[in-house]
1. Taking 0.36 nm per residue of separation and subtracting the Cα-Cα distance, what length does fully extending Ser60 through Phe91 add?
2. Distances longer than 32 Å among the Cα atoms of the chain: what percent of all pairs is that?
3. Alpha carbons only, please: Rg and Dmax for the range 109-202, in angstrom.
4. Determine ³J(HN,Hα), in whole Hz, for all residues of the range 101-106 in sequence, where each value follows from phi through the Karplus function 6.51 cos²θ - 1.76 cosθ + 1.60 and θ = phi - 60°; x replaces Gly and Pro.
5. By the scheme Lys and Arg +1, Asp and Glu -1, what is the net charge of all other residues having a beta-carbon under 15 Å from that of Tyr194?
6. Note the angle between two axes, namely the Cα long axis of helix 30-40 and the longest principal axis of the Cα atoms of the chain, as a number of degrees from 0 to 90, rounded to the nearest 10.
7. Can you give me the three principal axis dimensions of the range 15-77 from its C-alpha atoms, in Å, biggest first?
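Values in this text are rule-based calculations from the coordinates and carry no lab data. Computed from a prediction, not measured in an experiment: that's the story for all the values here. We place every Cβ from the backbone using ideal geometry, glycine too, and count neighbours over all the protein chains shown.
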Amino acid sequence: MESLLKELLTCRKKIKANRKKFWEENKKNFETNIQKLVKLNQDKLPKGWKVYLVASSFLSDKEIKPYDYDAWSVTELVTATQRQGFEIMIFFNKSGSGFLSAPALLSLVVHEIRHANQAAEAPEHYHKGSLNDVIAREREVDAEKEVKKISEEFRRQSTLENVLYSFDTYGWKGAKEMAILLHKGTAELYAGGYDQEMTEQEYIVFLESEKKRDINIFLNYFLK
């Protein structure tokens, strides 16, 4: 993780220098970054299970923005019998995260790998989460505990990149939508159980930035 923290600091310099190029590089390297992060967490993957990685977008007749409902990623149990094998699929949605750097993707990867372990540890119970809101919420609370074990800087990097990308692509309206989602909305998504991704202070800084129509106020807060 030390190398990723160093990469995170490099990412912040790149964001300051040339955001357009930064987003282009992240999109180009999305699949590679996912593979790299999963490999870094190889020892946390469930033993004896085949884990498929998918990095793609839904086929849709409309653009899915990163703060839209359909921008979710998911970990699904594929098979869990001696005859069919023991297989899990982790889907990373490009619409919701394809523009993020490797450090900003870490929280998502750690979260989904925990889901893979939940599926391997109790396949039938995990599957019931799709049919039961209480179980689904418990799964998310447990997965978020794993995310809390990594440095807070990775969450901050994800928050910074999500808001800046939304601003650069969809203007102040998009940035506000993303900020609202990260500040309070993620906790209420689906069955719930997710941690707040943007702190109260970060949201206040964003509102100040919006009021003064200067996104650099928000950016510089993270670069201190």
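1. Numbers: separation 31, 0.36 × 31 = 11.16 nm, distance 1.64 nm.
Gain on stretching Ser60 to Phe91: 9.5 nm.
2. On the way: 4375 of 24976 pairs.
Of all Cα-Cα distances in the chain, 18 percent exceed 32 Å.
3. Rg and Dmax of the range 109-202, Cα atoms, are 14.9, 44 Å.
4. These are the phi-based 3J(HN,Hα) values: 6, 4, x, 6, 7, 4 Hz.
5. Details: positive: Arg114, Arg137, Arg139, Lys145, Lys148, Arg155, Lys184; negative: Glu112, Asp133, Glu138, Glu140, Asp142, Glu144, Glu146, Glu188, Asp195, Glu197.
Result for the local shell: -3.
6. 60 degrees
7. 42, 33, 16
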